[in-house]
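The values are calculated or read from the model by the stated rules, or taken from the named source; none is laboratory data. It should be emphasised that the depicted structure is a prediction, and the values quoted were computed from it without experimental measurement. Please note: Cβ atoms are built from the backbone with ideal geometry, for glycine as well, and neighbour counts cover all protein chains shown.
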Amino acid sequence: MDLNKVTVRVPGTSANCGPGFDCLGLAATIYNDLELTLLEENSLTIEAHGDGAETIPTDEKNIVWKAARMILERSNNAEKFKGAILKMQNNIPMSRGLGSSAAAIVAGLTAANEIVGKPFNRKEILKFATEIEGHPDNVAPAIYGGFTISTVDRGQVQTFSFLPKLKLKLIVAVPDFPLSTRIARQVLPKSVSLKDAVFNIGRASMLVAALMQGKEKFLTTAFDDTLHQPYRTKLVPGMHEVFHAAKKAGALGVCLSGAGPCLIAFSAVAKHIENNIAVEMVQAFKKNNVQANALILDLDTRGAYVIG
Ligand code: HSE
């Protein structure tokens, strides 16, 4: 067995969950795998397969390698391991609001941490990942799985991860165009009204309570938002029509996935209506001249883990 080599699997994630801007997130059953081999010699080989593989940097700028190096530096192993071989199999659509960059960061951190003997626990990995990503709402569920609530206070990140009592299907409509988080954040206002803040506090609280207690009827308005989605509507043509189509087909709620452009709807597993919701969402996008495909996923309950 090669002691300097490890393979990790990291789930895709959906941040915000409607009202929980930069705080709420969930992990979904779609995964990127990373095989990392650390080398003593100063040589870097990066191979990427799968979604967006051709756009991934294969030099020092690669985010997975940057994350791995952070672990090496903070554990005083940067002199010992100067190079690496990275092999990635990516299934999470890139730049679509499903946490592909969070998955890359968490994969690099988790794999390097494992090889150097796990000097850091999950909470420390979360802190490092948040430093790189800037906000914890994708990296937290990528690390812990489930639904997550995260707060940051002067660099200290707290995450509470829970599994809802209600079994949900996640229906994701994936448009055929990417959207950079930077651009999707540029359209947001610097401050918001008290009225909008109150609107979101109520919904975010209601969402968490309803999920934890399995109270379906309280979810009907709990995914609504006034803090970011209204400003991002212009970046995702047909967003409201897709929301409407999903709800009409029986979705409990629907929102922008992270900064978009993916839209994510939620339905009760017991109702078996996820296929129909998916068809309706894709159709509604099509009416707005947006080609999209649909993913039907479950909640990932495990988070990042070492598979070999
Ligand atoms: N909370 C972030 C946003 C998620 O909405 O901008 C994207 O990384």
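Does I149 qualify as being of a type outside the set (S, T, Y) and in contact with a Phe, Trp or Tyr (Cβ under 6 Å, 6 or more places away or on another chain)? So I149 fits the description; yes. Report yes if E47 is without any contact (Cβ under 8 Å) to a residue 24 or more places away in the chain and away from the ligand (no atom under 14 Å from the Cβ), otherwise no. It is false that E47 is without any contact (Cβ under 8 Å) to a residue 24 or more places away in the chain and away from the ligand (no atom under 14 Å from the Cβ). Checked against the criterion of being of a type outside the set (D, E, K, R), within 16 Å of the ligand (Cβ to nearest atom) and out of contact with any strand residue (DSSP E or B) (no Cβ under 7 Å at 6 or more places or on another chain), the candidates P19, P11, P57 yield just one match: P19. Among residues of the stretch 239-261 that are over 15 Å from A15 (Cβ atoms), those with a beta-carbon under 6 Å from a residue that is within 16 Å of the ligand (Cβ to nearest atom) and assigned to a helix (DSSP H, G or I) at least six positions away or on a different chain give the pairs M239/T233.
The set of residues in the stretch 76-121 being under 15 Å from A304 (Cα atoms), of a type in the set (G, A, S) and outside any helix (DSSP H, G or I) consists of G99 alone.
From the set of residues in the stretch 177-199 that are of a type in the set (S, T, N, Q) and away from the ligand (no atom under 13 Å from the Cβ), which is farthest from the chain's Cα centre (by Cα)? Ranking the qualifying residues of the stretch 177-199, first place goes to S193.
Every condition in (1) under 23 Å from N293 (Cα atoms); (2) over 19 Å from the mean Cα position of the chain (by Cα); (3) surrounded by fewer than 17 Cβ atoms within 10 Å (Cβ to Cβ) holds for A48 except the one numbered (3). Restricted to the stretch 107-140, and to residues there that are of a type in the set (A, V, I, L, M) and closer than 19 Å to A53 by Cβ, the residue that is farthest from the ligand (Cβ to nearest atom) is A111. When the stretch 83-98 is filtered for residues that are within 13 Å of L36 (Cα to Cα) and either polar (S, T, N, Q) or surrounded by fewer than 17 Cβ atoms within 10 Å (Cβ to Cβ) (or both), the ones remaining, listed by number, are G83, I85, K87, Q89.
In the stretch 187-241, which residues are in contact with an Asp or Glu (Cβ under 7 Å, 6 or more places away or on another chain) and either under 26 Å from A278 (Cβ atoms) or of a type in the set (D, E, K, R) (or both)? The one that is in contact with an Asp or Glu (Cβ under 7 Å, 6 or more places away or on another chain) and either under 26 Å from A278 (Cβ atoms) or of a type in the set (D, E, K, R) (or both): R203. Touching a residue at least 60 places away in the same chain (Cβ under 8 Å) and away from the ligand (no atom under 16 Å from the Cβ): does that describe L211? So L211 passes the test.
Within the stretch 83-106, the set of residues being farther than 22 Å from P175 by Cα and within 12 Å of the ligand (Cβ to nearest atom) comprises just one member, I105.
Counting only helices (runs of 4 or more DSSP H) that fall entirely inside the stretch 226-288 and contain at least 2 residues that are within 16 Å of the ligand (Cβ to nearest atom) and modelled with pLDDT of 95 or more, the qualifying elements are 229-232.
For every residue, the table says whether it meets (1) of a type outside the set (F, W, Y); (2) in contact with a Pro (Cβ under 9 Å, 6 or more places away or on another chain); (3) closer than 30 Å to K286 by Cα.
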site: V174; (1), (2), (3): yes, yes, yes
site: R182; (1), (2), (3): yes, no, yes
site: M212; (1), (2), (3): yes, yes, no
site: L235; (1), (2), (3): yes, yes, yes
site: F243; (1), (2), (3): no, no, yes
site: K248; (1), (2), (3): yes, no, yes
site: L252; (1), (2), (3): yes, no, yes
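For the structure I just gave you, tell me whether T220 is over 28 Å from S101 (Cβ atoms) and hydroxyl-bearing (S, T, Y). Yes; evaluated as a whole, the condition is true for this residue.
Among the strands (runs of 3 or more DSSP E) confined to the stretch 123-222, the ones with at least 3 residues that are surrounded by fewer than 18 Cβ atoms within 10 Å (Cβ to Cβ) and out of contact with any His (no Cβ under 9 Å at 6 or more places or on another chain) are located at 156-162.
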